[in-house]
């Protein structure tokens with residue numbers, strides 16, 4: 001008997017290959033699962049170097065290492081009035097306590113600062129020295145209060161940053177508690193680095209308030225960084241929004257010298273929405289001794305509404321001690 005082999009026509013057809021379905025990331029996936037590799041990106045590193053050199057508020061708020069800043073500022077306005085003001089703030093890392101918090105990816109710091117209720121975390125800080133130290137909302141003055149607090153913040157390599165601190169504010173007649181909390185999210189979109197930060201605070205002098213700040217950084221070239229900062233602070237007691245828009249250009253001349261060009265518009269929401277001041281700032285910053293002594297010279301053109309937007313020129317000179325890794 002002959003055995004016949006089945007022909008190819010009699011063989012069952014092979015199953016089709018499985019289709020690969022590529023799921024598009026949703027909105028919450030984008031927020032929660034942003035790749036952690038962003039921290040090693042060239043743009044992120046360049047922005048961090050700029051903020052560190054200028055001793056910016058972002059560097060102070062988000063560094064997990066100790067940061068100590070002390071400066072003496074002298075201002076000269078067009079009337080010839082000279083004003084001198086010291087200021088300091090310190091964020092001291094507690095490494096011994098860190099061993100117990102390491103598994104929780106948290107760190108503990110001690111905060112010491114002058115005039116804690118005027119901290120730039122509540123005062124529209126754009127992360128630039130002229131805004132942080134020469135507020136366009138307040139005149140410089142000798143500190144009249146001091147603060148001490150404990151801060152707990154996350155240390156994991158994540159685009160999300162959280163911190164919460166509680167402490168005491170001391171002045172000549174009283175000791176009062178205060179509390180602050182801050183959260184930020186950073187993401188990179190092409191050549192633009194975006195950061196959204198939200199702060200909530202309570203002081204006996206200002207009451208409850210919150211600050212929302214949005215930064216967009218664009219790396220123009222190796223020595224140039226363009227930053228747009230939009231900020232709004234709301235105070236419950238005053239039922240008012242203070243608003244600010246900054247356009248800043250950082251120019252790194254070399255490892256020891258940098259220039260900053262900044263245009264600012266400041267406004268309020270009550271009694272009616274209006275611009276209360278325009279400002280143009282040029283700042284030259286130089287490291288004059290090792291890695292911790294800096295000098296700044298900053299001519300400023302300010303156009304306040306109180307002077308019918310007439311020019312009020314100012315020269316700011318600052319000596320700063322900045323200890324930071």
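Here, each number is a calculation from the coordinates, and none is a lab measurement. What you are looking at is a predicted structure, and each value in this text was computed from that prediction instead of being measured. Here the Cβ positions follow ideal geometry from the backbone for every residue, glycine too, while neighbour counts run over all protein chains shown.
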TODO: Can you tell me how much longer the chain between residue 240 and residue 274 gets when fully stretched, taken as 0.36 nm per residue apart minus their C-alpha distance, in nm with one decimal?
DONE: 11.0 nm
Open item on the list: From the gyration tensor of the Cα coordinates in the stretch 203-286, what semi-axes in whole Å does the equivalent ellipsoid have, largest first, with each one equal to sqrt(5λ)?
Closed with: 31, 14, 12
Task: Packing-based ranking, highest mean first, of 204-215, 171-182 given that Cβ atoms within 10 Å are counted - done: 204-215, 171-182
Open item on the list: Based only on other Cβ atoms within 10 Å, what is the fewest-to-most ordering of 161, 78?
Closed with: 78, 161
TODO: Specify the inter-centroid distance of the stretch 173-214 and the stretch 40-74, based on alpha-carbon positions, in whole Å.
DONE: 17
- [ ] Compute the FRET efficiency between residue 224 and residue 78 as 1/(1 + (r/R0)^6), taking r as their Cβ-Cβ distance and R0 = 35 Å, and round to the nearest 0.05.
- [x] 0.65
Task: Nitroxide proxy distance, nm - points 7 Å out along Cα→Cβ at residue 254 and residue 42 - done: 2.4
TODO: For the stretch 34-324, report the translational diffusion coefficient in µm²/s to the nearest whole number, using Stokes-Einstein at 4 °C, 1.567 mPa s, and a Kirkwood Rh over Cα pairs.
DONE: 66
